[in-house]
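Q: Just passing along the structure, written as structure tokens.
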Amino acid sequence: MRDARSAPPFPIRRQARLAVFASGRGSNLGSLLEAFPSTGEEPLASIRLVVSDRDGAPALERGAEASLPAEHVPFGRQRASFEERAEELLRLHAIDLVCLAGFMRVLSPGFAERWHGRLLNVHPSLLPAFRGLRAPEQAIAAGVSVSGCTVHFVDAGVDTGRAIVQRRVRLEPGDDATALAGRILAEEHVAYPEAVRLVLRGEVSP
Ligand code: GAR
């Protein structure tokens with residue numbers, strides 16, 4: 001098998017094929033679809049596959065509406081079986097880069113290693129602050145005045161890989177987690193396509 005670390009995976013001399021993994025509503029998938037439509041008119045990249053661990057996730061509907069293969073792959077207690085099927089799909093659709101977008105599962109270190117440099121995630125905080133779940137709540141509880149979002153490479157840890165793009169959001173008096181998360185989400189929608197462009201042009205690597 002190709003050594004995932006042997007050579008930088010990007011740039012490539014053709015349109016890159018993207019997959020998006022999402023667990024929920026899929027608004028980041030929506031912003032990525034606007035930037036890299038499934039119809040292929042953006043020369044840099046085109047989304048070719050949507051995967052969700054949740055049956056009936058709105059993200060799957062968004063993918064299907066864009067005429068994409070959009071598959072529910074159960075996760076359950078069986079991370080290995082999820083990863084096996086997901087990697088089968090990634091091979092089948094010749095995917096170059098995987099974007100986790102509101103994907104609420106932790107992939108194995110082996111998966112991260114095989115996709116080294118080709119696996120991205122968006123997280124609603126300025127990493128390394130507030131890793132893990134409910135990052136906007138964590139920011140409010142910590143009393144910080146600025147939080148934001150990070151698009152980063154995924155490595156073997158949880159929310160630990162190298163940051164590619166960060167965007168800041170100021171906390172307002174009286175902010176609750178929903179209000180803050182909403183303003184952070186709007187920044188994610190800008191940050192994610194920007195990060196994908198940087199990676200595909202080979203301007204940043206893990
Ligand atoms: C986004 O805020 C994303 O940063 C967060 O889930 C939301 C998904 O929204 N992800 C995580 O917290 C991962 N640890 P979306 O489904 O509308 O894109």
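Q: In terms of modelled amide H atoms, which long-range or inter-chain residues lie less than 5 Å from the amide H of HIS72?
A: SER52
Q: Related question: If the only charges are +1 at each Lys and Arg Cβ and -1 at each Asp and Glu Cβ, what is the size of the charge dipole of the chain around the Cα centre, to the nearest 20 debye?
A: Roughly 460 debye for the chain.
Q: Taking θ as phi - 60°, what are the ³J(HN,Hα) couplings along region 46-51 by the Karplus curve (6.51, -1.76, 1.60), each to the nearest whole Hz, with x for Gly and Pro?
A: 9, 6, 10, 7, 10, 10
Q: If you don't mind, another one. Around ALA101, under 12 Å between beta carbons, what's the net of Lys plus Arg minus Asp minus Glu among the other residues?
A: Net charge around ALA101: +1.
Q: Only Lys, Arg, Asp and Glu count, each charged at its Cβ (+1, +1, -1, -1), so figure out the dipole size of region 29-98 about its Cα centre, rounded to 20 debye.
A: Result for region 29-98 is approximately 220 debye, rounded to the nearest 20.
Q: Let me ask something else. So which helices of the chain fit the span-like rule, where a helix is a whole DSSP H run, its Cα atoms reach 18 Å or more along the axis, and its mean Kyte-Doolittle is at least 0.5?
A: 177-200
Q: Which ³J(HN,Hα) values in Hz, rounded to whole numbers, follow from the phi angles of region 102-117 under the Karplus curve 6.51 cos²θ - 1.76 cosθ + 1.60, where θ = phi - 60° and Gly and Pro get x?
A: x, 8, 9, 10, 9, 7, 6, x, x, 4, 4, 5, 5, 9, 3, x
Q: Rounded to the nearest whole Å², what accessible area per residue is found for region 1-141 with the 1.4 Å probe?
A: Ligands and nucleic acids excluded, the result is 49 Å² per residue.
Q: Another question, then. Which of the GluC sites (Glu not before Pro) across region 1-90 are loop residues per DSSP, with 16 or fewer other Cβ within 10 Å?
A: Filter output for region 1-90: GLU41.
Q: Rounded to the nearest 20 debye, what is the charge dipole size of region 129-171 about its Cα centre when +1 sits on each Lys and Arg Cβ and -1 on each Asp and Glu Cβ?
A: 180
Q: Moving on. Given the options PRO136, PRO173, PRO109, which has the most mean-square fluctuation in a GNM of the chain, springs set between C-alpha atoms less than 10 angstrom apart?
A: Residue with maximal mean-square fluctuation among PRO136, PRO173, PRO109: PRO173.
Q: Restricting to Cα pairs below 8 Å that are 6+ residues apart, what does the relative contact order work out to for the chain? Please round to a whole percent.
A: Relative contact order comes out at 21 percent.
Q: Leaving ligands, DNA and RNA out of it, report the carbon-plus-sulfur percent of the accessible area of region 74-206 at a 1.4 Å probe.
A: Solvent-exposed carbon and sulfur of region 74-206 make up 51 percent of the total.
Q: List the residues whose amide H sits under 5 Å from the amide H of ALA45, counting only those 5 or more places along or on another chain, with H placed 1.01 Å from N in the peptide plane.
A: Hits under the 5 Å cutoff: ALA16.
Q: Now for a different question. Which trypsin sites (Lys or Arg not before Pro) in region 1-64 pass both tests, a DSSP loop state and at most 16 other beta-carbon atoms within 10 Å?
A: Qualifying residues, ordered by number: ARG2, ARG5, ARG13, ARG14, ARG25.
Q: Same structure again: Considering every Cα-Cα pair within region 49-206, what fraction, in whole percent, is farther apart than 22 Å?
A: For region 49-206, the share of Cα pairs beyond 22 Å comes to 45 percent.
The values are calculated or read from the model by the stated rules, or taken from the named source; none is laboratory data. Remember, it's a predicted structure, so these values are computed and weren't measured experimentally. Neighbour counts run over all protein chains shown; Cβ positions are idealised from the backbone, glycine included. The protein model used for the area step is the full one, side chains on, heavy atoms only, and it has no ligands, DNA or RNA in it. Shrake-Rupley method; radii C 1.70, N 1.55, O 1.52, S 1.80 Å.
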